[in-house]
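J.: Submitted below is the structure of interest, expressed as structure tokens.
The values are calculated or read from the model by the stated rules, or taken from the named source; none is laboratory data. Everything numeric in this text was worked out from a predicted model, so none of it was measured. Note that we place each Cβ from the backbone using ideal geometry, even for glycine, and neighbour counts take in every protein chain shown. The area values use the complete protein model at the heavy-atom level, side chains included, leaving out ligands, DNA and RNA. Shrake-Rupley method; radii C 1.70, N 1.55, O 1.52, S 1.80 Å.
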Amino acid sequence: MQAIVNNFLPLIFIILNKNYGLSYEELGRIIFINFLIQIFADFSATKICDLLGFRITSFLGQFLAAVGLTMLSVLPNIMSNTYMAIILSVLVYGFGSGLMEVILSPIIEYLPLKNKGAEMSLLHSFYCWGQALTVLVSTLLIGVFSYDNWQYIPLIWASIPFINSFVFLVVPIVSPEKSTKKTPISALFKDKTFIYFMVFMFCAGSSEIAMAQWASLFAQKSLGISKVAGDILGPCAFAIFMGLGRIILGGKRIKLSIRKIFIYNNILCTACYLAVAFFDIPVVALIACAACGFSVSLSWPGTYSMAGAKFLSAGTVMYSILALCGDLGCSTGPWILGIVADIIGLNWGFAACALFPIIMVITAVFFVKEKDCKID
């Protein structure tokens with residue numbers, strides 16, 4: 001569901017740009033608003049979950065996503081302001097996605113699992129498979145319905161969160177014990193390691209989403225590749241390699257510490273952004289885009305796992321704060337890319353986003369200690 005919500009609209013950026021005259025900044029602002037409302041959901045999720053519980057909150061998150069996608073299909077046809085119709089739809093499905101983002105990780109943490117770090121990576125890998133499926137199926141459906149009839153596609157995608165919402169009413173869910181003593185928020189913010197984890201999440205969101213959501217338009221505009229080839233070789237390859245990275249790096253077979261993986265991966269991520277920005281050879285740029293997916297794969301779930309292991313009694317509120325930081329990065333990175341692209345070009349927009357993995361490398365090397373990076 002989250003993969004659909006976060007990745008469908010960027011696939012039709014080229015359509016929105018040509019058919020409705022939306023600028024790069026306006027397209028970037030759509031991404032910004034999507035994750036801004038998810039940030040608001042991150043703020044609200046803890047109280048909503050405490051009031052309604054995991055099960056009903058899961059139902060609500062999925063159902064709102066289905067409603068928002070349905071609105072995206074219907075509102076552009078009945079509202080004179082197409083941009084506002086898109087924004088209203090994004091606000092609804094973004095809030096639903098934000099709720100799910102906060103509660104899925106603690107749901108996994110409370111399950112009786114032996115290797116929670118690997119299971120957390122497996123959970124987050126399904127975002128990648130969902131992203132790849134969103135790209136492939138949406139590209140196929142655009143070919144079927146044509147650019148002018150793109151509104152039918154979000155209605156088809158709405159069926160998935162609609163079904164999910166009712167499945168969540170019956171699946172087994174382990175809820176935390178009421179008597180469990182929770183770590184107060186003030187204690188989290190007093191711990192420097194938690195602050196570093198927040199920096200990780202912000203930069204992870206920026207690094208991942210900026211590449212994922214601008215790769216299709218970049219492949220078409222700057223590399224001169226067709227939309228079908230651009231979608232498959234850009235965001236789809238990115239998603240597949242990110243999913244593989246989460247399965248491979250999240251397992252126990254990797255002997256490197258998670259801190260060293262963070263350092264090496266983000267050096268690779270920096271190189272990928274610079275390669276996409278400055279290499280005019282399409283093959284090189286597309287390989288760099290795919291490799292970027294692998295390089296960002298462990299940053300988000302890895303930070304969740306490290307925080308869950310270090311702050312055992314923090315509960316849902318910790319995941320809410322980390323999700324908030326991640327979503328803030330998800331909204332900031334792509335928007336900055338769009339702003340820079342409007343001023344001096346898409347290539348320099350990608351170059352500007354290389355700053356985020358650089359910050360992660362500096363934080364991991366100079367501030368985060370090895371003992372703070374243990375996971376179950």
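J.: Does region 89-104 include one or more residues that are acidic (Asp, Glu), surrounded by fewer than 19 Cβ atoms within 10 Å (Cβ to Cβ) and under 19 Å from Thr303 (Cα atoms)? Even if it seems obvious, please write down each step before you answer.
T.: So the first thing to find is which residues in region 89-104 are acidic (Asp, Glu), and the list is 101.
Imposing the further condition that a residue be surrounded by fewer than 19 Cβ atoms within 10 Å (Cβ to Cβ) reduces the set to none.
Looking through region 89-104, none of the residues is acidic (Asp, Glu), surrounded by fewer than 19 Cβ atoms within 10 Å (Cβ to Cβ) and under 19 Å from Thr303 (Cα atoms).
J.: So which residues in region 144-165 are β-branched (Val, Ile, Thr), surrounded by 14 or more Cβ atoms within 10 Å (Cβ to Cβ) and within 22 Å of Ile15 (Cα to Cα), if there are any at all?
T.: Once the filter is applied, which keeps residues that are β-branched (Val, Ile, Thr), surrounded by 14 or more Cβ atoms within 10 Å (Cβ to Cβ) and within 22 Å of Ile15 (Cα to Cα), region 144-165 yields Ile153, Ile156.
J.: Please indicate, with yes or no, whether at least one residue in region 291-299 is open to solvent by less than 10 Å² (accessible area, probe 1.4 Å), over 19 Å from Ala351 (Cβ atoms) and at pLDDT 90 or above.
T.: Checked region 291-299: at least one residue is open to solvent by less than 10 Å² (accessible area, probe 1.4 Å), over 19 Å from Ala351 (Cβ atoms) and at pLDDT 90 or above.
J.: Select from region 208-247 the residues that are farther than 14 Å from Gly338 by Cα, at pLDDT 75 or above and open to solvent by less than 10 Å² (accessible area, probe 1.4 Å) and list them in ascending order.
T.: Across region 208-247, the qualifying residues are Ala219, Gly234, Pro235, Cys236, Phe238, Ala239, Met242, Gly243, Gly245, Arg246.
J.: Under 6 Å between Cβ atoms, at least 6 apart or on separate chains: pull out the pairs that start in region 346-372 with a residue that is closer than 21 Å to Tyr24 by Cα and at pLDDT below 95 and end on any residue that is polar (S, T, N, Q) and open to solvent by less than 70 Å² (accessible area, probe 1.4 Å).
T.: As it stands, the answer is Leu346/Ser222, since those pairs meet every condition given.
J.: With the requirement that a residue be assigned to a helix (DSSP H, G or I) and open to solvent by 20 Å² or more (accessible area, probe 1.4 Å), what does region 108-129 give you?
T.: Answer for region 108-129, where residues must be assigned to a helix (DSSP H, G or I) and open to solvent by 20 Å² or more (accessible area, probe 1.4 Å): Ile108, Glu109, Lys116, Ala118, Glu119, Leu122, Leu123, His124, Phe126, Tyr127, Trp129.
J.: Looking at region 315-376, what helices (runs of 4 or more DSSP H) fall wholly within it and have at least 2 residues that are over 19 Å from Ser295 (Cα atoms)?
T.: 316-344, 346-352
J.: For Val170, only one of the following conditions fails: (1) among the aliphatic types (A, V, I, L, M); (2) assigned to a helix (DSSP H, G or I); (3) open to solvent by 60 Å² or more (accessible area, probe 1.4 Å). What is its number?
T.: So Val170 meets the others, but not (2).
J.: Might you let me know whether region 307-330 holds any residue that is hydroxyl-bearing (Ser, Thr, Tyr) and closer than 19 Å to Ile362 by Cβ?
T.: The answer is no; no qualifying residue exists.
J.: Can you name the residue in region 328-346 that is more than 16 Å from Leu36 (Cβ to Cβ) and among the β-branched types (Val, Ile, Thr) and is also surrounded by the most Cβ atoms within 10 Å (Cβ to Cβ) among such residues?
T.: Val340
J.: Right, Gly302: closer than 14 Å to Ala118 by Cα, open to solvent by less than 50 Å² (accessible area, probe 1.4 Å), in contact (Cβ under 8 Å) with a residue 24 or more places away in the chain and of a type outside the set (A, V, I, L, M, F, W, C) or not?
T.: Yes; evaluated as a whole, the condition is true for this residue.
J.: Please pick out the residue among Phe63, Phe32 that is closer than 26 Å to Thr303 by Cβ, of a type in the set (A, V, I, L, M, F, W, C) and surrounded by fewer than 23 Cβ atoms within 10 Å (Cβ to Cβ).
T.: Exactly one residue qualifies, and that residue is Phe32.
J.: Taking Leu141 and the conditions (1) modelled with pLDDT of 90 or more; (2) part of a helix (DSSP H, G or I); (3) more than 18 Å from Ile240 (Cβ to Cβ); (4) open to solvent by 30 Å² or more (accessible area, probe 1.4 Å), which numbered condition does it fall short on, given that it satisfies the others?
T.: (4)
J.: So which pairs qualify, if the first residue must be in region 305-327 and within 21 Å of Gln38 (Cβ to Cβ), the second must be among the basic types (Lys, Arg) and open to solvent by 10 Å² or more (accessible area, probe 1.4 Å), the Cβ gap must be under 6 Å, and the two must be at least 6 apart or on different chains?
T.: Partner pairs satisfying both residue conditions: Gly315/Lys182.
J.: Quick check on Ile195: is it surrounded by 12 or more Cβ atoms within 10 Å (Cβ to Cβ), at pLDDT 90 or above and among the hydrophobic types (A, V, I, L, M, F, W, C)?
T.: yes
J.: Being over 12 Å from Tyr304 (Cβ atoms) and either among the basic types (Lys, Arg) or at pLDDT below 85 (or both) is the filter here, so list the residues in region 81-110 that pass it.
T.: Tyr110
J.: When the residues of region 4-25 are filtered to those that are of a type in the set (A, V, I, L, M, F, W, C) and assigned to a loop (DSSP other than H, G, I, E, B), which remaining residue is modelled with the lowest pLDDT?
T.: Top of the filtered list is Leu22.
J.: So is Ser159 farther than 30 Å from Phe294 by Cβ, touching a residue at least 40 places away in the same chain (Cβ under 8 Å), out of contact with any helix residue (DSSP H, G or I) (no Cβ under 6 Å at 6 or more places or on another chain) and of a type in the set (S, T, N, Q) or not?
T.: Details: farther than 30 Å from Phe294 by Cβ: yes; touching a residue at least 40 places away in the same chain (Cβ under 8 Å): yes; out of contact with any helix residue (DSSP H, G or I) (no Cβ under 6 Å at 6 or more places or on another chain): yes; of a type in the set (S, T, N, Q): yes.
So Ser159 fits the description; yes.
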